[in-house]
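First the structure, which I've put down as structure tokens, then a few questions once you've had a look.
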Amino acid sequence: MKMFSYLVLAVLFILSCKDNNLKKNIEIISVPTYSMLVPKVKQLTKEEYEDWYHKDIIKDTIPGISLNKAYTFLIDKSIRDTIIVAILDSPIDNNHEDLKQQIWINKNEIPNNGIDDDDNGYIDDIQGWNFTGSSKGEQVLFSNYEFTRILRKYDSLFNNTTLDNSISSKDSSSFQLYSKANKKFNKQIKLAIEDTIYGNMLYKSHSNAKNTLKTYFPNHNYTISSLDSLKLLYPKDTLLQRDILRMSNFIKYDFTEKYITNYKLLAEENINKLLNLSYNDRTILGDNSENLLDHNYGNNIVNQKINFFEHSTIVSGVIGAKRNNNIGIDGVANVKIMPVCISVYGDEHDKDIALAIKYAVDNGAKVINMSFGKLFSLNKKWVDDAFKYAEKNNVLIVSSAGNNHFDLNKVENEYYPNDNINNGSEISSNFMMIGASSDEVNENLITDFSNYGNIDVDVFAPGDNIKTTLPENSYTIERGTSISTAIVSGIAALVWSYYPDLSAAEMKNVLMQSGNSYNINVEIKQEDGTKKTVPFSELSKSGKIVNAYNALLIAEQISNNKK
């Protein structure tokens, strides 16, 4: 049995400020120091999996965020503010049993009167705004990849061009972007064709198996046990034996009919829309995505196509599912969730990201959760300016690091949105990027999908085997840096609800510096598929996994020092 050192060292907390002359003194804040703990080596039980990330590494030997311990610490304390968390994501199930009481209501707007009562530029935005819906109530389902948009914009200018004297210095950066996008486009087309073939194969195999088995299962109520029994009855029926095996595998790997149908659809639409230079989703909206000044588009329907779009409901449950209601799950914090829809299948538009951030800030959000990402950015400055606007208004932005297992320290692996240019200086002090950790305290502490890098990634948070909400009062187990991001947003909201006098920059530093340090080596998956072993502490700026309890301890001391 391996031993590991678990160190939560004295925190050097630096209050950041752009003006060096205004920097505060360093505060030394003591938190407990632990060492030589035995990690949990047995498989987690079903009960432990329900909320493993709420656990404490010391008490439970599970690398969670000490959320239960945090709430014990808060028993005798009073909530001072209700925090609004803006979810920049897909449409949401705002009637979900575990979310409906948590949805933000715009009290300055009179419902359904066709008037912009609060004069914020958005008519009847009672529960947020949908930047992916049209004024006629239509919903965009698919959007181009950003590299597809780049090719459409520059193809007539640079097609069949090489970098020589024909490219002016003025156009060289655009040409480099075009070339990089073209390389990615060509690679993605090949993968998309393979994916479509696979999707059609899955669909055909499932349909054939279903048709073969309909005599024995007219209600399609298959189980592996009943299929095994049928298999024994007809050992010489090769067609039946084949389709029993197929259906058993579909059940075993949770390939439901809905999953297979959606897989086939998304694979086909990947070619038809996401990679199609002739397809432009903005025609549905009647919007020019290259004109930031025009924001007269979208609608107030934030729950469009919720069975097609599940992501926002998944993320929202982690952050703010109603606590202690004996329904479903307990979110990290009791918050108000502000739905701001900008995500469909494909890449988000920089214009939508920028306007959504401004909308969230202007309407009182304190935390902005952005559980999405893309490999290119056509109008990054718009997003950078939105970060600065949020910073000016003391709003924290929490963003996912991505699930490509990329080393983001490599400039060619840039991931957006981010708060720097070519891994240079940060443009604001209120933006965080989050990687995903697992429930294992060993070489698998970082998940096999998470991006990493101590230039972009600020901190890690649990992002594997997390129970959360699904549309129509359902629940699921999810994984991804989207989940990790939601956990950090939830902790930020929890801390701010008790210590609202912290600035966004202070909150960012609290979350980074109060995390748990794990002095172990982990395996990271490289782009060529091989693995290498590195210290976990080298994979993010902080080298830590967020911890709600420690964050509250530090926040309380900072708050007390301000009195």
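Search region 363-377 for residues being of a type outside the set (Val, Ile, Thr) and surrounded by 22 or more Cβ atoms within 10 Å (Cβ to Cβ), and hand back the single one that is nearest to the chain's Cα centre (by Cα).
SER371
Please work out if ASN307 is within 17 Å of SER343 (Cα to Cα), out of contact with any strand residue (DSSP E or B) (no Cβ under 6 Å at 6 or more places or on another chain) and modelled with pLDDT of 95 or more.
No: the conditions fail for ASN307.
Table: residues versus (1) outside any helix (DSSP H, G or I); (2) small (Gly, Ala, Ser); (3) assigned by TED's automatic domain parsing to the domain that holds ILE105; (4) within 19 Å of the chain's Cα centre (by Cα).
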position: GLY328; (1), (2), (3), (4): yes, yes, yes, no
position: ILE337; (1), (2), (3), (4): yes, no, yes, yes
position: SER343; (1), (2), (3), (4): yes, yes, yes, yes
position: VAL361; (1), (2), (3), (4): no, no, yes, no
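Further, regarding this structure: Given the condition assigned to a loop (DSSP other than H, G, I, E, B), crowded, with 21+ Cβ neighbours inside 10 Å, in contact (Cβ under 8 Å) with a residue 40 or more places away in the chain and of a type outside the set (S, T, N, Q), answer yes or no: does some residue in region 409-426 qualify?
Checked region 409-426: at least one residue is assigned to a loop (DSSP other than H, G, I, E, B), crowded, with 21+ Cβ neighbours inside 10 Å, in contact (Cβ under 8 Å) with a residue 40 or more places away in the chain and of a type outside the set (S, T, N, Q).
Continuing with the same structure: Kindly provide the set of residues from region 111-129 that are loosely packed, with under 14 Cβ neighbours inside 10 Å and either touching a residue at least 12 places away in the same chain (Cβ under 8 Å) or within 17 Å of SER316 (Cβ to Cβ) (or both), ordered by number.
Across region 111-129, the qualifying residues are PRO111, ASN112.
Among THR223, THR215, which is the only one that is surrounded by fewer than 11 Cβ atoms within 10 Å (Cβ to Cβ) and farther than 30 Å from PHE147 by Cα?
Step by step, each of THR223, THR215 is checked, and only THR215 is surrounded by fewer than 11 Cβ atoms within 10 Å (Cβ to Cβ) and farther than 30 Å from PHE147 by Cα.
Follow-up. Any idea which residue in region 67-84 is nearest to the chain's Cα centre (by Cα), counting only those that are touching a residue at least 24 places away in the same chain (Cβ under 8 Å) and not in a loop (DSSP other than H, G, I, E, B)?
The selected residue is ILE84.
Considering only residues that are assigned to a helix (DSSP H, G or I) and at pLDDT 95 or above, look in region 45-66 and name the one that is surrounded by the most Cβ atoms within 10 Å (Cβ to Cβ).
So the residue we want is TYR53.
Separate question: Those residues that are among the small types (Gly, Ala, Ser) and outside any helix (DSSP H, G or I), I need them from region 501-524; list them, please.
SER503, SER514, GLY515, SER517
A further question on this structure: What's the total number of residues in region 249-269 that are surrounded by fewer than 18 Cβ atoms within 10 Å (Cβ to Cβ) and under 26 Å from SER225 (Cα atoms)?
Of the residues in region 249-269, 11 are surrounded by fewer than 18 Cβ atoms within 10 Å (Cβ to Cβ) and under 26 Å from SER225 (Cα atoms).
Hey, another quick one. Can you name every one of the helices (runs of 4 or more DSSP H) wholly within region 178-291 that holds 3 or more residues which are under 30 Å from TRP382 (Cα atoms) and either within 35 Å of the chain's Cα centre (by Cα) or in the same structural domain as SER343 (by TED's automatic domain parsing) (or both)?
282-285
Based on this model, can you work out whether SER514 counts as within 29 Å of ALA321 (Cβ to Cβ), surrounded by fewer than 18 Cβ atoms within 10 Å (Cβ to Cβ) and among the small types (Gly, Ala, Ser)?
no
Within the set of pairs 6+ apart or on separate chains, which have a first residue in region 301-326 that is not assigned by TED's automatic domain parsing to the domain that holds TYR53, a second that is small (Gly, Ala, Ser) and assigned to a helix (DSSP H, G or I), and C-beta atoms under 8 Å apart?
As it stands, the answer is none, since no pair meets every condition given.
Okay, next question. Working only within region 379-419, note down all residues that are of a type in the set (Val, Ile, Thr), in contact with a helix residue (DSSP H, G or I) (Cβ under 7 Å, 6 or more places away or on another chain) and closer than 21 Å to TYR178 by Cα.
VAL383, the sole residue that qualifies.
Just a yes or no: is a residue in region 391-400 in a loop (DSSP other than H, G, I, E, B) and either under 30 Å from GLN188 (Cα atoms) or of a type in the set (D, E, K, R) (or both)?
no
For LYS380, state whether it is in contact (Cβ under 8 Å) with a residue 40 or more places away in the chain, at negative phi and under 17 Å from the mean Cα position of the chain (by Cα).
Taking the combined requirement at face value, the residue does not satisfy it.
Return the residue satisfying two criteria in turn: it lies in region 525-551 and is of a type in the set (D, E, K, R), in contact (Cβ under 8 Å) with a residue 40 or more places away in the chain and in a loop (DSSP other than H, G, I, E, B), and of such residues it is nearest to LEU67 (Cα to Cα).
It comes out as LYS541.
In addition: What's the total number of residues in region 258-288 that are over 21 Å from ALA192 (Cα atoms) and of a type outside the set (A, V, I, L, M, F, W, C)?
5
Can you name the residue in region 86-110 that is assigned to a strand (DSSP E or B) and β-branched (Val, Ile, Thr) and, of all such residues, is surrounded by the fewest Cβ atoms within 10 Å (Cβ to Cβ)?
Across region 86-110, the extreme among qualifying residues is ILE103.
Working carefully through the options ILE271, ILE260, find the one that is farther than 30 Å from ILE477 by Cβ and modelled with pLDDT of 95 or more.
Going through ILE271, ILE260 in turn, the sole match is ILE271.
A further question follows. Tell me which of these PHE460 doesn't satisfy, since it passes every other one: (1) in contact with a Pro (Cβ under 7 Å, 6 or more places away or on another chain); (2) more than 15 Å from ILE319 (Cα to Cα); (3) crowded, with 24+ Cβ neighbours inside 10 Å.
(1)
Here is a check on your reading of the model: is GLY331 buried (at least 24 other Cβ atoms within 10 Å of the Cβ) and among the small types (Gly, Ala, Ser)?
Considered against the rule, which asks whether it is buried (at least 24 other Cβ atoms within 10 Å of the Cβ) and among the small types (Gly, Ala, Ser), GLY331 comes out as yes.
I've got another one for you. Inside region 526-563, can you point out the residues that are surrounded by fewer than 17 Cβ atoms within 10 Å (Cβ to Cβ) and either touching a His at 6+ places or on another chain (Cβ under 6 Å) or among the β-branched types (Val, Ile, Thr) (or both)?
THR530, THR533, VAL534
The values are calculated or read from the model by the stated rules, or taken from the named source; none is laboratory data. Fair warning: this is a prediction, and the values are worked out from it, not measured in the lab. Neighbour counts run over all protein chains shown; Cβ positions are idealised from the backbone, glycine included.
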